[in-house]
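Here you go, one structure.
The values are calculated or read from the model by the stated rules, or taken from the named source; none is laboratory data. Given the structure is predicted, the values throughout are model-derived calculations rather than measurements. With ideal geometry, Cβ positions are generated from the backbone for all residues, glycine too; neighbour counts draw on all protein chains shown. These accessible areas exclude ligands, DNA and RNA; they are computed on the full protein's heavy atoms, side chains included. Shrake-Rupley method; radii C 1.70, N 1.55, O 1.52, S 1.80 Å.
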Amino acid sequence: MIVVLAMMLFACTSPQRRAVLDSADSLMNARPDSALTLLNALLPDTTRMSKGDLMRFHLLRTNAENKCDTVLTARHAALMRRVCDYYDRQFPSPFGEGSGVRLSNSRMLAHYLLGRCYDDMGEAPAALREFTLAENQADTTSTACDYLTLCRVYFQLSDLFYMQDLFANQREVLQKARVYAFISKDTLSAIWSKVGEASCLSMSERNDSALILLKDAYHEYKDAGREDLAAQTLGIIISNKIDNKRYDVLEPLIKEYEENSGYFDTEGNALPGYELWYYKKGLYYLHGQKRDSAEHFFRKCLANATSTENRLAANKGLFLLYCKENRKDSIEKYAINYTELNDELQEQNESAKLMQLQAHYRYERLQETASRKTLQLTEKNATVKMLTGLLVALLTIIITLIYFINEWKKKKLMEWKNTISSYEKTIREHERESNELQLMLKQKNSSLQTEVAEANSILCNAIMEKSQRINTYENEIRLLKNRLEEMQKKEEKYSKIRKQATMEWELLKDALKRKAHDNPPVKIDFQEWKRLHSVILDYIPDFYYCLRIKNNLTDTKYDLCVMYRMGFRPMEIANLMGIDKSTVTTMRHRIYKEIFGKTDEADEFIAFIMSIS
């Protein structure tokens, strides 16, 4: 019926075309395949459409293809770019109630579909940008807002944040999705967002909170009459119970999961992609001392494994089993297998991260190519300003260092001079006392011979004692003068080392700056890290002690602090260390929280790093 209707539309007028577009729009959510058939029937008539009708036609047709699970390509992206530009330039009509909201909905849908194109093409940074633009287009103050599309935007943002391990951001957008799913009366999407939020909490090691959300989702699926979806949530609950070794409550959960989840065939075998279940069930039987059953499921997991993660789990299960049976040869075999598979899985994860980084670099290069001509003069001025700022900053640092070194030398010299002056004053006092005693001896000599002899004896002893004290003070003065000379020599030597370290620091900083801006950027190699660590020990002696010894930072976190101390920006640090920019920001927050127990605000982290002298 729909095909016949579509064939009759080739020669329709403009109002009739708009009626067909309205019909396709009304069918979009319930029957997207029928909507796509209607829109395909209008393809020969696109040359006679007005620009507004043509843009709406492309918007609806791409939406229908997306709902029919069509893989969106660069052709779709180019088309949706035109649609986005068209709707972004439009202004809401003052006539007709809700026209502004309809335009906002169209803009949101256009940017959402463009983001889906980039997502299917593997361009994650561009997809994130378009989904964010789509979110900003939503007019949530109006009841006519397209909350269903807004929910889809948040679910796509959730997937992107999950791929980048940004679980806090993922949880935030899932909470927003749940609110708008309830507003649009999409109960299943609201419950699904709760399951996704539980997954975020689990990845953040907040298993108790995750379990509460999963139980709520389970009961809500039950109330909605979806036994299959309720049973599917049990998979995560069972994993949580196994991790917490709550094997005593697993039997009814496992039974319901296998019967109602839809992940098993009629013979009880897991469908492709769910082979990891055999490993979990093997752990359950292993805890219940049913070792034959445990070995059966571990080997079944190994035989049906389609991924490195599944093979790793199967080898781990067999290793745990043979540890309990104390079969040394088998323990060694599966321990080696587990180690090799774990290394392989890490390599795969690193490759995936590298692909994400490459996509990010590719997106950056495309953006740079598109705006190079218009920003060339601005970039030149910015470069001059940056170089001027760097020169001023460098001169300021050098002058400040010279000032503090001179002040330190003056302070030390003043301390030594005060010490020598104190000793000289003591010597003069003893000399004065000695002279007084000698004068007293001469005065007594003429009057009393006996008393003079006694007094002479006493005075001689006192003089000897004072002389010994004078000799002691003179020796101490000589030692202090020698120490003063040594301190001056050390200061001269330290000044030379400091000057050489400063020059080495600046040379190394310039070299790394060029590496960070190479195309493609070049990571710092082992020899350069070794050289940088040596220079910073001479340039800032307390830097290593404060961060590595006192605060016990890891090598990677210490290297990140060194990059910030050298004045590099987050993107430059990401290029030099071979990590993602978001990882740089995350590591910076974690370092500050690890040292001070709170999250840094504004430039607190950089101020702390620059304060270490």
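Using a Förster radius of 45 Å, what is the FRET efficiency between residue 267 and residue 552 based on their Cβ-Cβ separation? Nearest 0.05, please.
0.25
Moving on to the next point. Taking just the alpha carbons, could you work out the radius of gyration and Dmax for region 45-90, both in angstroms?
Calculated on Cα positions, Rg and Dmax stand at 10.9, 30 Å.
At 0.36 nm per residue, minus the direct Cα-Cα distance, what do residue 612 and residue 400 gain on full extension? Give it in nm, one decimal, please.
Gain on extension, residue 612 to residue 400, equals 74.9 nm.
Longer than 26 Å from Cα to Cα, which of 410/499; 316/598; 411/496; 509/598 are they? Say none if no pair is. Don't jump to the answer; show the numbers that get you there.
On the way: 410/499 19 Å; 316/598 38 Å; 411/496 20 Å; 509/598 30 Å.
With Cα atoms farther than 26 Å apart: 316/598; 509/598.
Measure off 7 Å from each Cα along the Cα-to-Cβ vector at residue 496 and residue 380, then give the distance between these two points in nanometres to one decimal.
4.6
Now for a different question. Which percent of the accessible area of the chain is formed by carbon and sulfur heavy atoms (probe 1.4 angstrom)?
Ligands and nucleic acids excluded, carbon and sulfur give 54 percent.
Using only Cα atoms, what Kirkwood radius does region 149-302 have, in angstroms?
Over region 149-302, the inverse of the mean reciprocal pair distance is 16.5 Å.
At a Förster radius of 22 Å, what calculated FRET efficiency corresponds to the Cβ-Cβ distance of residue 215 and residue 179, to the nearest 0.05? Walk me through the numbers on the way to the answer.
Numbers: r = 21 Å, r/R0 = 0.94.
That gives a FRET efficiency of 0.60.
So what are the three principal axis dimensions of region 282-350 from its Cα atoms, in whole Å, longest to shortest?
Principal axes ranked by extent give 38, 23, 17 Å for the Cα atoms.
Given a 1.4 Å probe and the protein chains all in place, what does the accessible area of residue 460 round to, in Å² to the nearest 10?
60
Further question: What's the long-distance tail for region 119-204, i.e. % of Cα pairs beyond 14 Å?
Roughly 62 percent, rounded to a whole number.
Calculate the all-directions average of the projected area of region 60-172's alpha-carbon convex hull, and give it in nm².
Its Cα hull, projected and averaged over all orientations, spans 7.3 nm².
A further question on this structure: Compute the distance in nm between two label points, each set 7 Å from the Cα along the Cα-to-Cβ direction, one at residue 132 and one at residue 244.
3.7
Starting from the alpha-carbon convex hull of region 465-571, give the projected area averaged over all orientations, in nm².
Over all viewing directions, region 465-571 projects a mean Cα-hull area of 9.8 nm².
What is the spin-label model distance, in nm, from residue 88 to residue 69 if the labels are put 7 Å beyond Cα along the C-beta direction?
3.3
Rounded to the nearest 10 Å², what accessible area does residue 265 have for a 1.4 Å probe in the complete protein model?
About 60 Å², ignoring ligands and nucleic acids.
In a solvent-free Debye calculation with one equal scatterer on each Cα, what is log10 I(q)/I(0) for region 21-66 at q = 0.25, 0.30, 0.33 Å⁻¹, listed in the order of the q values?
-0.83, -1.11, -1.26
Take the Cα coordinates of the chain, assign each an equal point scatterer, and use the Debye formula without solvent to give log10 I(q)/I(0) at q = 0.05, 0.08, 0.09, 0.11 Å⁻¹.
Taking Cα atoms of the chain as identical point scatterers yields -0.44, -0.85, -1.01, -1.26.
Where q = 0.24 Å⁻¹, what log10 of I(q)/I(0) comes from the Debye formula for region 129-171, counting one point per Cα?
Computed log10 I(q)/I(0) values: -0.81.
Tell me which residues come under 5 Å, amide H to amide H, from residue 264 once H is placed; ignore anything under 5 positions away on its chain.
Answer set, sorted by chain and number: 271.
How much mean residue ellipticity at 222 nm does the chain get from its helices, if each DSSP H run of length 4 or more adds -39500 (n - 2.57) and you divide by all residues, to the nearest 500 deg cm²/dmol?
Helix-only estimate at 222 nm: -27500 deg cm²/dmol.
Against the empirical 2.2 N^0.38 Å scaling, what ratio does the C-alpha Rg of region 112-153 come to?
Rg over 2.2 N^0.38 Å, computed on Cα atoms: 1.22.
Now for a different question. Please work out whether region 160-244 counts as rounded, prolate or oblate from its C-alpha gyration tensor, where a ≥ b ≥ c are the square roots of the eigenvalues and a/c under 1.5 means rounded, while otherwise a/b larger than b/c means prolate and anything else oblate?
Oblate shape, in that a/c is at least 1.5 and b/c is the bigger or equal ratio.
Select from 42, 108, 535 the residue farthest towards the positive end of the dipole of the chain; place +1 on Cβ of Lys and Arg, -1 on Cβ of Asp and Glu, and compute about the Cα centre.
Highest projection toward the positive end goes to 535.
While we're looking at this one, here's another question. For region 86-240, what is the per residue volume of the convex hull drawn over the alpha-carbon atoms, in cubic angstrom?
Cα convex hull per residue, to the nearest whole number: 115 Å³.
What's the extension gain from residue 530 to residue 33 if we count 0.36 nm per residue and subtract their Cα-Cα distance?
Result: 172.8 nm gained on full extension.
Roughly how many debye, to the nearest 20, is the charge dipole of region 129-260 about its Cα centre, given +1 on each Lys and Arg Cβ, -1 on each Asp and Glu Cβ, and no other charges?
200
Also, I was wondering about something else. Tell me the volume per residue, in Å³, of the convex hull enclosing the alpha carbons of region 553-613.
Values: hull volume 4.8 nm³, N = 61.
Output value, Cα hull per residue: 79 Å³.
Here's a follow-up. Using the Cα centre as the reference, give the magnitude of the dipole from point charges on the C-beta atoms of the chain (Lys, Arg: +1; Asp, Glu: -1; all else neutral), rounded to the nearest 20 debye.
1620
Estimate the FRET efficiency between residue 445 and residue 481 by the formula 1/(1 + (r/R0)^6), using the beta-carbon distance for r and 35 Å for R0, to the nearest 0.05.
Working from the Cβ atoms, E equals 0.30.
Taking region 130-278, how many lysine pairs are there with alpha carbons less than 30 Å apart, if each pair must be eight or more places apart or span two chains?
Number of lysine pairs found: 21.
Positive end of the dipole of the chain, charges at C-beta (+1 Lys, Arg; -1 Asp, Glu), about the Cα centre: which of 414, 574, 232 has its Cα farthest in that direction?
Positive-most Cα among the choices belongs to 414.
Using a 1.4 angstrom probe with every protein chain in place, what is the largest-first accessible-area order of 529, 505?
529, 505
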